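Just so you know, all these numbers are worked out from the coordinates, no wet-lab data involved. Treat the numbers as computed from the prediction; the structure is a model and nothing was measured. Note that we place each Cβ from the backbone using ideal geometry, even for glycine, and neighbour counts take in every protein chain shown.
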Amino acid sequence: MSRAAVERFYAAFERLDSAAMEACYAEKARFDDEVFSLVGRRRIGGMWRMLCGATKAKGRAHWELQAGGITEQGSRVTAHWETRYLFPASGRLVHNQIDAEFEFDADDLITRHRDRFDFWRWARQALGLPGLLLGWTPFLRHKVQAQAAANLHRFLERA
């Protein structure tokens with residue numbers, strides 16, 4: 001059943017349907033990736049609303065998501081997904097490859113979602129020369145994390 005929940009999540013993501021994505025999470029869910037570390041459906045949903053909105057604003061012509069390799073072991077599901085999009089801050093085309101892990105509650109809602117990707121690879125694509133030169137450093141990673149957190153905070157204040 002959790003496999004079906006992950007398939008629903010990625011189908012919603014492919015449509016950039018952040019409301020349907022948010023509905024997949026438990027109230028006190030946790031999300032972590034190389035940029036965000038969030039607790040609570042509202043904050044996680046806000047991140048997806050912000051990211052999906054930015055992607056829609058840049059135009060769906062440059063949006064692609066492919067999810068696969070979904071495997072289920074008890075209440076844990078893993079998946080591999082790839083996305084192509086224009087990074088809003090630079091307008092640069094990014095092809096990101098992500099490995100995801102999900103855990104679920106008895107209601108088949110996501111309680112934990114962890115995405116892992118090569119931050120340096122992402123930074124080279126999204127940020128260009130600064131990403132190439134500094135993407136491997138904790139300095140740039142922390143700077144990107146701080147900027148993303150500030151953007152999300154402003155977005156949630158307006159929502």
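Over segment 1-124, the pair-distance histogram of Cα-Cα distances with 10 Å bins from zero comes to 13, 47, 34, 6, 0 percent, rounded to whole numbers.
Rounded to the nearest 0.05, the FRET efficiency derived from the C-beta distance between residue 106 and residue 63 at R0 = 41 Å is 0.75.
Close amide-amide hydrogen proximity is noted between residue 29 and 40, 41, each under 5 Å apart and 5 or more residues distant or on a separate chain (H modeled in the peptide plane; Pro and chain starts excluded).
Please give me the summed charge of the neighbours of residue 147: other residues whose Cβ is under 15 Å from its Cβ, Lys and Arg +1, Asp and Glu -1. Its environment carries a net charge of +1.
A cut-off of 5 Å between modelled amide H atoms, ignoring neighbours fewer than 5 places along the same chain, links residue 118 with 97. Evaluating 6.51 cos²θ - 1.76 cosθ + 1.60 at θ = phi - 60° for every residue in segment 123-131, the Karplus couplings come out as 4, 4, 6, 6, 10, x, 4, x, x Hz, glycine and proline recorded as x. For the chain, the longest principal axis of the C-alpha atoms and the axis of helix 138-158 are separated by about 60°.
Summing charges over neighbours of residue 131, with a neighbour being any other residue whose Cβ is under 14 Å away from its Cβ, gives +3 when K and R count +1 and D and E count -1. Along segment 115-121 the Karplus relation, 6.51 cos²θ - 1.76 cosθ + 1.60 evaluated at θ = phi - 60°, assigns HN-Hα couplings of 9, 10, 8, 7, 4, 4, 4 Hz to successive residues, with x for each Gly and Pro.
Shown here for segment 60-159: GluC sites (Glu not before Pro) in loop regions (DSSP other than H, G, I, E, B) with at most 12 other Cβ atoms within 10 Å, of which there are none. Straight-distance candidates among the aspartates and glutamates for linking to residue 56, with alpha-carbon spacing under 16 Å and chain neighbours fewer than 8 residues away dropped: 14, 17, 64.
The P(r) of segment 104-159 has a tail past 15 Å containing 63 percent of all C-alpha pairs. Here the 3J(HN,Hα) profile of segment 49-58, calculated from phi with Karplus coefficients 6.51, -1.76 and 1.60 at θ = phi - 60°, is 4, 5, 5, 5, x, 5, 5, 4, 5, 7 Hz, Gly and Pro shown as x.
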